[in-house]
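Trainee: Please see the structure below; I have some questions.
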There are 2 protein chains.
Amino acid sequence: MMQKPARERKRGSGAQYVYEILREEILDLVLAPGSPIDENQLAERLEMSRTPIREALVRLAGEGLVTPLPNRSTVVANIDFFNLHTFFDALTLMYRVTTRLAGEYHTPADLELIRARQEDFARAVENQDALAMIATNREFHAAIAEAGRNPYFTGLFCRLLDEDQRILRLYYSSFNDQLPKRYVAEHEQMIAAIEARDINACDRLALAHADQIVSQIQSMISRGVMRTVPLD
Amino acid sequence: MMQKPARERKRGSGAQYVYEILREEILDLVLAPGSPIDENQLAERLEMSRTPIREALVRLAGEGLVTPLPNRSTVVANIDFFNLHTFFDALTLMYRVTTRLAGEYHTPADLELIRARQEDFARAVENQDALAMIATNREFHAAIAEAGRNPYFTGLFCRLLDEDQRILRLYYSSFNDQLPKRYVAEHEQMIAAIEARDINACDRLALAHADQIVSQIQSMISRGVMRTVPLD
DNA sequence: TGTATAATTATTGTCGACAAGATTGTTGGC
DNA sequence: GCCAACAATCTTGTCGACAATAATTATACA
């Protein structure tokens, strides 16, 4: 028997919809790291059966955003503070590689998009909106990666940016210092290097930018300005 | 109503089982790139319902081994010969990074495992068994990556090695030249560099090794020794 | 005979149901 | 009063069923 659809959903959009909702809630820390995900409860909330929900969970597990415990509930992936250095290594390398490749392969249309993202970021900094800074910074670097045209690198990089976003959200209350303005300037330099197709400059600037971000996160952690309770 | 299980499978192993079977058949080209995967047929062959099969397909799609066409059948992922350079770029970088990190972080136990894998590879070369060479070479480099202890890099690297395996299998008939012996020697040098924790040597050797492999694949392609019909 | 449209079939996406296993609560023994 | 065995409950993994969509075949008309 057919279950009443809450709104007239199109066929095939169910699992996709659940995937997007869950992904967003995980990245925004609406769902706290480590908290269990109740399939039945979700099915009730989103007014569909467990099948598309399970499909979304399998996909999220593949991206490491969720950890399925066999015969036990699936939980939101924890942030591994003990192995952050592996995260920093990977993030730094991907910053460098994607920016280099952008310098090599970008088109005028790519540059336009990158500039638009940079404007979004600058506006967020102007408004001192920490949450918007996190999101727009992510989009800026994702746009650069896209211009590099290497799906293997963009895939890994976007995963790392996802994790970065979760970490930054944990600490975002201390995001209103003088650093963001420096990031705006560094972004501008990166754009210039990409446009000039100066690969060495791209690499150097991306490395410096990554080091900035890494040391900011490390300082946030050591100062212990962690949000203890997630949004909810 | 319960369907008869062909063999007494343990609960929770169904989807995992299908995933492993399909993954192996895709990497071994038993399932040709581009060929459609029939859920009903698979369900009949593996004697289970479509649910665990769909879960396996979703997982494989996440790893890029399979491409789901919306409201149409899922197909085995094609090999993109037009963008091979992005693949080579990523493979080369991951060879370098994982070998470097192995030089930095390996333990004696890691080295032991790497040496065992190298012996497997040498034996395959000795026997002129091209299929075994492909498999053991993969395991050798995966072991090095594991010693580097960075799950982000090992994750991407293993995906690349999977794709590499599919490409090599396409051309494996031309794998019985003088090159494999050179690979054995290069592997030995890499092991020595890792053991000596000589990061620069690790990087240099991995780069040279990667270049070898890339140019071998390119020459295979240009010489057009492609298998036209997959194993089946 | 060729093309456009309608009927038929096949396949996918989603559903409710149910059993195996895990979790929690209860009772009883020491 | 604390721990162990058992019972009750909840959750997950899998199943068969069914409707919506795509593919295929049949049919009508130019």
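The values are calculated or read from the model by the stated rules, or taken from the named source; none is laboratory data. Since we're looking at a predicted model, the values are computed, not measured. Cβ placement follows ideal geometry from the backbone for every residue including glycine, while neighbour counts extend to all protein chains displayed.
Trainee: For region B:127-159, how many residues are farther than 19 Å from B:A210 by Cα and within 14 Å of another protein chain (Cβ to nearest Cβ)?
Mentor: Number of matching residues: 4.
Trainee: If you don't mind, another one. Quick check, is A:I144 surrounded by fewer than 20 Cβ atoms within 10 Å (Cβ to Cβ), touching a residue at least 12 places away in the same chain (Cβ under 8 Å) and among the β-branched types (V, I, T)?
Mentor: Answer is no for this residue.
Trainee: Moving on to the next point. For the list (1) surrounded by fewer than 19 Cβ atoms within 10 Å (Cβ to Cβ); (2) within 15 Å of DNA strand D (Cβ to nearest atom); (3) of a type in the set (D, E, K, R); (4) assigned to a helix (DSSP H, G or I), I need the number of the one condition that B:E139 fails.
Mentor: Among (1) surrounded by fewer than 19 Cβ atoms within 10 Å (Cβ to Cβ); (2) within 15 Å of DNA strand D (Cβ to nearest atom); (3) of a type in the set (D, E, K, R); (4) assigned to a helix (DSSP H, G or I), B:E139 violates only (2).
Trainee: Among the residues that make up region B:187-205, is at least one of them within 14 Å of chain A (Cβ to nearest Cβ), at pLDDT 95 or above, touching a Gly at 6+ places or on another chain (Cβ under 7 Å) and surrounded by fewer than 17 Cβ atoms within 10 Å (Cβ to Cβ)?
Mentor: Yes: region B:187-205 contains one or more residues that are within 14 Å of chain A (Cβ to nearest Cβ), at pLDDT 95 or above, touching a Gly at 6+ places or on another chain (Cβ under 7 Å) and surrounded by fewer than 17 Cβ atoms within 10 Å (Cβ to Cβ).
Trainee: Please find, among B:R9, B:R72, the residue that is over 28 Å from B:I134 (Cβ atoms), at pLDDT below 95 and in contact with a helix residue (DSSP H, G or I) (Cβ under 8 Å, 6 or more places away or on another chain).
Mentor: Being over 28 Å from B:I134 (Cβ atoms), at pLDDT below 95 and in contact with a helix residue (DSSP H, G or I) (Cβ under 8 Å, 6 or more places away or on another chain) holds for just one of B:R9, B:R72, which is B:R9.
Trainee: Tell me the residue from A:N127, A:N78 that is away from DNA strand D (no atom under 16 Å from the Cβ), over 30 Å from A:D198 (Cβ atoms) and in contact with a strand residue (DSSP E or B) (Cβ under 8 Å, 6 or more places away or on another chain), please.
Mentor: A:N78
Trainee: Cβ-Cβ distance below 6 Å, separation of 6 or more or different chains: which pairs start in region B:85-108 with a residue that is closer than 14 Å to A:L93 by Cα and end on one that is among the acidic types (D, E) and surrounded by fewer than 19 Cβ atoms within 10 Å (Cβ to Cβ)?
Mentor: As it stands, the answer is B:R96/B:D203; B:R100/B:D203, since those pairs meet every condition given.
Trainee: Right, here's the next one. Taking region A:19-73 only, how many residues are within 27 Å of B:P151 (Cβ to Cβ), of a type in the set (V, I, T) and within 14 Å of DNA strand C (Cβ to nearest atom)?
Mentor: Qualifying residue count, region A:19-73: 4.
Trainee: Need the failing condition index for B:N127 against (1) more than 23 Å from B:V97 (Cα to Cα); (2) in contact (Cβ under 8 Å) with a residue 60 or more places away in the chain, just the number.
Mentor: In the conditions (1) more than 23 Å from B:V97 (Cα to Cα); (2) in contact (Cβ under 8 Å) with a residue 60 or more places away in the chain, B:N127 misses (2) alone.
Trainee: If you check every pair at least six apart or on different chains, which have Cβ atoms under 8 Å apart with a residue in region B:66-77 that is more than 23 Å from B:D28 (Cα to Cα) first and a residue that is within 13 Å of DNA strand D (Cβ to nearest atom) second?
Mentor: Short answer, once both residue conditions are applied: B:P70/A:G12; B:N71/A:R11; B:N71/A:G12.
Trainee: Go through region B:17-125 and tell me which helices (runs of 4 or more DSSP H), entirely inside it, have 2 or more residues that are surrounded by fewer than 19 Cβ atoms within 10 Å (Cβ to Cβ), charged (D, E, K, R) and away from chain A (no Cβ under 14 Å).
Mentor: B:39-45
Trainee: Out of curiosity, is A:L168 over 20 Å from the mean Cα position of the chain (by Cα), aliphatic (A, V, I, L, M), under 16 Å from A:L91 (Cβ atoms) and buried (at least 20 other Cβ atoms within 10 Å of the Cβ)?
Mentor: The answer is no for A:L168.
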